Every structure is written in C-alpha cells, then in structure tokens.
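The values are calculated or read from the model by the stated rules, or taken from the named source; none is laboratory data. Since this is a predicted model, take the numbers as computed values, not measurements. Virtual Cβ from ideal backbone geometry, glycine too; neighbours counted across all protein chains shown.
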Amino acid sequence: MGKAAMCIRMLQILNTGRVYKVSELANLLETNPRNIVEYKKELDEVATECGFNFFIKNIPGRYGGYVLNGNVALPALRLTLEEKEALLESYNYSLTKKDFPKKDNLINAFSKVVSNVQIAEKENKMLVVDKYQLQMDEKEIDKRYKFVERAIKVKNTIEMSYFSLKNGEKTHLVDPYKLFIYNNSWFFLGWDHEVGEVYYYKLNRMNTYKMLDKKFVVYKYFKAEDYFDGNGFKNNGEYHHVVLIARGTRAMLLKERVYGKNQTITDLEDGSIKVELDMQNDSTMVSFVLQCGTEVKVLEPKWLVDKVKESIEQMAKMYNEDEKLWK
C-alpha cells in the first residue's frame, strides 16, 4: 500500500471521531509509528493547500493522541460484491429482530455508510422467521435495556424484583457489568450483593426495578470471557457426559446441530445413531430429552434416565386423572 493510500486509510480511521494514540494507529495500519507522524504532516499540508475544512489535532498527555477536528468527505469505500451483500443482509436481519434496542442508531449509521458506498438494491429482502417470538413488547425490552445500559455507564447499583425458575420472584441488589445476547434474548452480567458472586439476569424476567444512589466499582478480577464459551454459559451447572440413541427425524436433526460440548455421532447398523456429548443444567437436560419423544433413548447417565422416567410417569398420571373427569 502506497503512502497516499495509507494517508487516506488513516483519515478514514480518524473520521470515527475518537482519539487514537500513535502506536494504536501504527498497529491498525500495520506500519512503523514514525510513519504515522509523516502521514499526519502530509494530511495537514493537503488540507491547507486544498482548503479542506479539517485538521488533525495532537492532544498531549497520557490519554492524548491524534483526533480529527472538522468534517471531511472521504473517498467512496471499495467493497467487493460479496461484502456489499453481506452488509445489506446483516442490516436487514437486524431490523427484523424485535428485541434489538438500537435500531434507530443502526439506521443512522447505515445511512452514513451507504452515502460512501454504492450498494445495489436487492429485489427481495432477507426473510427471517422467529418460530418462538418474545412475548414481551419490544418497547418494554428497549426500556429495560436502556435502564441497565445507563446503570452500567454511571456505575450505580440497581434494585430489582426478579423472577428465576429456581427461586421464584425475589428482590436483588445488583451491580450491572455487561449486557449481552444469548439465544436471541437480552441478559446482563452483574454482581449480586447477597451471594457475593456474578450472575446472569434476563431482561424480560425483571419485574420492578430502580437505580439506587449507590456507586459501585467493578469486581477486580471480572472478565466477561470467564462466563462464556462456545457452548453458552460457563457457570450454568456442572457438565455431565450423556449418551443417547436417536432414530428417525430426530437423528437427522441431531446431526445438523451441536447440542453440547465434545459432541460425537456414530452411525449404527440399524439406521439409528449414537450421540455422545457433555451437557449442563439438570432441568434443561431433562426437557431436551422429553422434547425428542420416542425417537431418543438415554443410555447414560443413570440419574438422567431415572429423571426422564419419573417425568413421563407424572405426565401419564396427570392425563389419566383428567380422563376420569372427562368421563
């Protein structure tokens, strides 16, 4: 990449509006920090000679660096056809999500991108269908999202009445750390004052909530990545090694997706498959097996076999009692 191209790329980076250290710009441009000083000098000269309404300001100090003062019309972005299509489809996909709280910001940002890159209009927008849509109104989710987002920003403790599947409805004092999406639902990580640990909280399970006049400091050893991995929540119960036999349509479905850690599938001679995987959360494991119906049989662990049998017996008893009433 030539010097002119590097200058334009540096201008594009600075046009985001934030302050960049020389070392940071050098890393982004994959060049020597000494070159960054030269690029700044070159851009300042071009701006002066051509009468452009911008200049690059050098802010001294520990938190200083280069920042762009003024407005600049940048050259059009050069994207491949595949990149343009991916950009458009991701934009359309985001707009279909009812619980995406920053749609207005996305529309504004996308309009700025479109002004600098030509994207061919597609005749058909991406079709996205949510089989199980969120019951709560998107305005209420947005309200809760902004509340938690604000509490994270100003570092204020929140008090909320929260419903959990295990403990029912209970009041919690929480220092909110980070918002995130899991399985198409919004959660946040926060330090629970009562138990002295970081927990996951689902926005649509919050009932009443308010911000307290109480500042907090993020737990010294907190790292968001300590609570997630490629299979979801890390702290969601211990992992159990599960062995299943699946047949029919369920066997085909199990081949399509990963349902647990270390999942392996072995084809058997009778057309069924043997599935081995590590799963967590006892109640989730039982529900998973039950929804597979008669097309899946659990071989291990023994406690899961017993739990499934117990659930089936309770269901049969419930329906048998209802049958007596109908007669």
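Tabulated data for the structure shown
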{"quantity": "Any chance residue 7 is hydrophobic (A, V, I, L, M, F, W, C), at pLDDT below 80 and either more than 30 Å from residue 204 (Cβ to Cβ) or outside the structural domain of residue 185 (by TED's automatic domain parsing) (or both)", "calculated": "no"}
{"quantity": "Checklist (1) under 30 Å from residue 200 (Cα atoms); (2) surrounded by 12 or more Cβ atoms within 10 Å (Cβ to Cβ); (3) among the charged types (D, E, K, R); (4) over 32 Å from the mean Cα position of the chain (by Cα) applied to residue 306, failing item", "calculated": "(2)"}
{"quantity": "Pairs with Cβ under 9 Å, 6+ apart, first in segment 5-22 and without any contact (Cβ under 8 Å) to a residue 40 or more places away in the chain, second hydrophobic (A, V, I, L, M, F, W, C) and surrounded by fewer than 16 Cβ atoms within 10 Å (Cβ to Cβ)", "calculated": "7/46; 9/1; 9/28; 10/28; 13/28"}
{"quantity": "Hits in segment 190-203 (condition: modelled with pLDDT under 90 and under 16 Å from the mean Cα position of the chain (by Cα))", "calculated": "200"}
{"quantity": "Every residue from segment 144-153 that is without any contact (Cβ under 8 Å) to a residue 40 or more places away in the chain and surrounded by fewer than 13 Cβ atoms within 10 Å (Cβ to Cβ)", "calculated": "153"}
{"quantity": "Residue match in segment 231-253 (condition: of a type in the set (Lys, Arg) and in contact with a strand residue (DSSP E or B) (Cβ under 6 Å, 6 or more places away or on another chain))", "calculated": "yes"}
{"quantity": "Search result, residues across segment 30-73 that are hydroxyl-bearing (Ser, Thr, Tyr) and modelled with pLDDT under 85", "calculated": "48, 63"}
{"quantity": "Within segment 132-213, strands (runs of 3 or more DSSP E) holding 2 or more residues that are among the polar types (S, T, N, Q) and farther than 22 Å from residue 281 by Cβ", "calculated": "156-164"}
{"quantity": "Identity of the residue in segment 164-184, within 22 Å of the chain's Cα centre (by Cα), surrounded by fewer than 15 Cβ atoms within 10 Å (Cβ to Cβ) and not aliphatic (A, V, I, L, M), that ends up nearest to residue 207 (Cα to Cα)", "calculated": "164"}
{"quantity": "Scope segment 19-53; condition in contact with a Gly (Cβ under 9 Å, 6 or more places away or on another chain) and surrounded by 12 or more Cβ atoms within 10 Å (Cβ to Cβ); matching residues", "calculated": "19, 20, 21, 22, 24, 25, 47, 52"}
{"quantity": "Some residue of segment 215-230 being more than 25 Å from residue 167 (Cα to Cα), assigned to a strand (DSSP E or B) and modelled with pLDDT of 90 or more", "calculated": "yes"}
{"quantity": "Candidates 235, 156, 184, 167, filtered to the one that is at pLDDT 90 or above and not basic (Lys, Arg)", "calculated": "156"}
